[in-house]
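Here the structure is laid out as structure tokens; the discussion comes afterwards.
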Amino acid sequence: MKTEKLLLANIKCSGCATTIKNELLKIKGVENITVDIENDSIDLSYNETDRELIIHRLHSLGYPEATEKNGLLLQLKSYSSCMIGKINNL
């Protein structure tokens, strides 16, 4: 099992955290995710999956690694993901 901390862009609230958790847990092999909203990071544990698949899923949701260029399109995607997460929290 691999455990890793990822610094992400665009994490704004608990809705973002819910979307990130729900979507990453859909990936086979991802076992545990903790989202730290205040530090824009996640701690995750995974096995039998490729790290790049996880990074790609985060990017497609609008939460790229903080090292990536964070353009307007990714910011808009993150707002959509945030709203979905807030709805799922109801």
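The values are calculated or read from the model by the stated rules, or taken from the named source; none is laboratory data. None of these values were measured; they are calculated from a predicted model. Using ideal geometry, Cβ is built from the backbone for each residue, glycine included, and neighbour counts are taken over all protein chains shown.
Numbers for the structure displayed
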| quantity | calculated |
| --- | --- |
| Considering residues of segment 34-52 that are surrounded by 14 or more Cβ atoms within 10 Å (Cβ to Cβ) and touching a residue at least 40 places away in the same chain (Cβ under 8 Å) only, the residue nearest to Leu7 (Cα to Cα) | Leu44 |
| Residue under evaluation Asn10, criteria (1) exposed (fewer than 15 other Cβ atoms within 10 Å of the Cβ); (2) modelled with pLDDT under 95; (3) of a type outside the set (Gly, Ala, Ser), criterion not met | (1) |
| First in segment 1-27 and under 15 Å from Ser80 (Cβ atoms), second anywhere and of a type in the set (Ser, Thr, Tyr) and in a loop (DSSP other than H, G, I, E, B), Cβ under 6 Å, 6 or more apart | Asn10/Tyr63 |
| So Glu31, is it assigned to a strand (DSSP E or B), in contact with a Phe, Trp or Tyr (Cβ under 9 Å, 6 or more places away or on another chain) and surrounded by 13 or more Cβ atoms within 10 Å (Cβ to Cβ) | yes |
| Check on Ile84, in contact (Cβ under 8 Å) with a residue 24 or more places away in the chain, in contact with a strand residue (DSSP E or B) (Cβ under 7 Å, 6 or more places away or on another chain), part of a helix (DSSP H, G or I) and not acidic (Asp, Glu) | no |
| Exclusive hit being among the β-branched types (Val, Ile, Thr), surrounded by fewer than 19 Cβ atoms within 10 Å (Cβ to Cβ) and in a helix (DSSP H, G or I), set Ile55, Ile20 | Ile55 |
